[in-house]
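Undergrad: Before we start, here is the structure in question, set down as C-alpha cells.
The values are calculated or read from the model by the stated rules, or taken from the named source; none is laboratory data. Just so you know, these numbers come straight off a predicted model, no measurement behind them. Here Cβ is always computed from backbone atoms with ideal geometry, including for glycine, and neighbour counts include all displayed protein chains. Protein only, heavy atoms only, side chains kept; ligands, DNA and RNA dropped before computing areas. Shrake-Rupley method; radii C 1.70, N 1.55, O 1.52, S 1.80 Å.
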Amino acid sequence: MPYSKKVLDHFKNPRNQGSMKNPDAVAKEGNPVCGDVMKMYLKIGRKKSGEEFIEDIKFETLGCAAAIAVSSALTEIAKGKILDEALKINKDNIVEDLGGLPAPKVHCSMLGVDALHKAIKNYLKN
Ligand code: FES
C-alpha cells in the first residue's frame, strides 16, 4: 500500500511543527522499533465551563515521513479538545484520518499518540 495523498500532504506541509515558548506541558517519546524521537508541547486553556482543553499544540520529531505525517494530523485532531477527549485519541483514529498507512509504518503512528498522552498526564500530575 503506497502513502495516501493525505499522508503526503501532511508530510510535505506539516501542521503545528516546531517548538513552543512557555508550554504548560512537554513530553518526549521514543520509538523502540526504530529509535526515532518525538517531542510534544501543549498550551492548556480553560473553557467557560471550567474544562481544560488543548489551546495550542506543537511537535518536533527526528522521525520518518510517516511519523511526521501522523504527528501533523494528530495535532489537528487534538487541538481544541478537552483533555479527557484528547486522552481517548488512539493510533487507529489517526491512521483512519490519514486514509491508512503502509503496514510496516503503522508502528510510526504510536510515537505521536504516546507523546500526546504523556504530555497530558505530565500536566495533570503537576
Ligand atoms: Fe521510526 Fe517511523 S520509522 S517512527
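Undergrad: Tell me, how many Å apart are the Cα centres for the range 50-126 and for the range 1-49?
TA: Centre-to-centre (Cα) distance: 6 Å.
Undergrad: Once you list every other residue whose beta carbon is under 13 Å from the beta carbon of Lys105, what net charge do they have if Lys and Arg are +1 and Asp and Glu are -1?
TA: Taking every Cβ under 13 Å from that of Lys105, the sum is 0.
Undergrad: Hey, what's the Kirkwood Rh for the chain if you take every pair of different alpha carbons, in angstrom?
TA: Kirkwood radius, the chain: 14.3 Å.
Undergrad: If you project the alpha carbons of the range 1-62 onto their three principal axes, what span does each projection cover, largest first, in Å?
TA: Per principal axis, max minus min of the Cα coordinates gives 45, 26, 19 Å.
Undergrad: A further question follows. Per the 1.4 Å probe, what fraction of the accessible area of the chain, in percent, lies on carbon and sulfur atoms?
TA: Of the solvent-accessible surface of the chain, carbon and sulfur hold 51 percent.
Undergrad: Same structure, new question: Placing unit charges on C-beta atoms (Lys and Arg positive, Asp and Glu negative, everything else neutral), compute the dipole magnitude of the chain about its Cα centre in debye, rounded to 20.
TA: Value, rounded to 20: 240 debye.
Undergrad: Suppose we flag trypsin sites (Lys or Arg not before Pro) only when DSSP calls them loop and at most 11 other Cβ atoms lie within 10 Å. Which is the longest uninterrupted stretch of the chain?
TA: Here the longest segment lacking exposed loop sites spans 49-126.
Undergrad: At most 15 other Cβ atoms within 10 Å and a DSSP loop assignment: could you name the GluC sites (Glu not before Pro) in the range 1-55 that fit?
TA: Glu51
Undergrad: Calculate, for the chain, the solvent-accessible area per residue in square angstrom, rolling a 1.4 angstrom probe over the heavy atoms of the protein chains.
TA: Normalised by residue count, the accessible surface of the chain is 52 Å².
Undergrad: Roughly what % antiparallel, to the nearest 5, for the DSSP beta bridges in the chain?
TA: Within the chain, antiparallel bridges account for around 95 percent of the total.
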